[in-house]
Amino acid sequence: MSAFRIMWLVIMFDLPTQTKKDRKRYRWLSRYLDKEGYIRLQYSVYAKVFNSLESANHGKKRMKEFLKVNVKKGNVRMLLFTDAQFGKMELVVGEQSRQEEATQPSLFDF
């Protein structure tokens, strides 16, 4: 598969955490993303790999529908990258999460 066909959908969110209910919603969204197969790159930044633009757009649509119903406050942003573009991401400080380390090599095991 071409690195230009494989797509990454990145979800970034900033939700309020002032009240107990707000913190519960924040954790709930994080757990939902985990369950859907997204990997956590950083706190409130998740990414999922898709095998085509069509499947990535379907994933985007599903996420928008979920968010429309379940998230009323805060900011949620989505970015779509090819695998080649995602691979050029530079980690300047720190190290990859265990989820990232496990996901990256498996993409190219054909």
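None of the figures in this text is laboratory data; all of them are computed from the coordinates on show. What you see is a predicted model; the values in this text were computed from it and never measured. A quick note on method: Cβ atoms are made from the backbone with ideal geometry, for glycine too, and the neighbour counts reach across all protein chains shown.
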Using alpha-carbon positions, what is the distance between the centroids of the range 69-90 and the range 1-63, in Å?
-> 7 Å
Sequence ranges 38-44, 20-26, ranked by mean other-Cβ count within 10 angstrom, highest first | 38-44, 20-26
With -39,500 (n - 2.57) per DSSP H segment of 4 or more residues and division by the full residue count of the chain, the 222 nm estimate, nearest 500 deg cm²/dmol, is -13500 deg cm²/dmol
If every Lys and Arg gets +1 and every Asp and Glu gets -1 at its Cβ, then about the Cα centre the range 45-102 yields a dipole, in debye to the nearest 20, of 580 debye
Gained length - R23 relative to Q99, 0.36 nm times residue gap less alpha-carbon distance | 25.0 nm
Go ahead and set up a Gaussian network model of the chain, Cα springs under 10 Å, then flag whichever of E95, E65, E36 fluctuates most.
-> E95
According to a simple spin-label model (label point 7 Å from Cα along Cα-to-Cβ), what is the distance in nm between N70 and Q85?
-> 2.6 nm
Of V45, V93, V76, the most mobile residue in a GNM of the chain (C-alpha springs, cutoff 10 Å) is V93
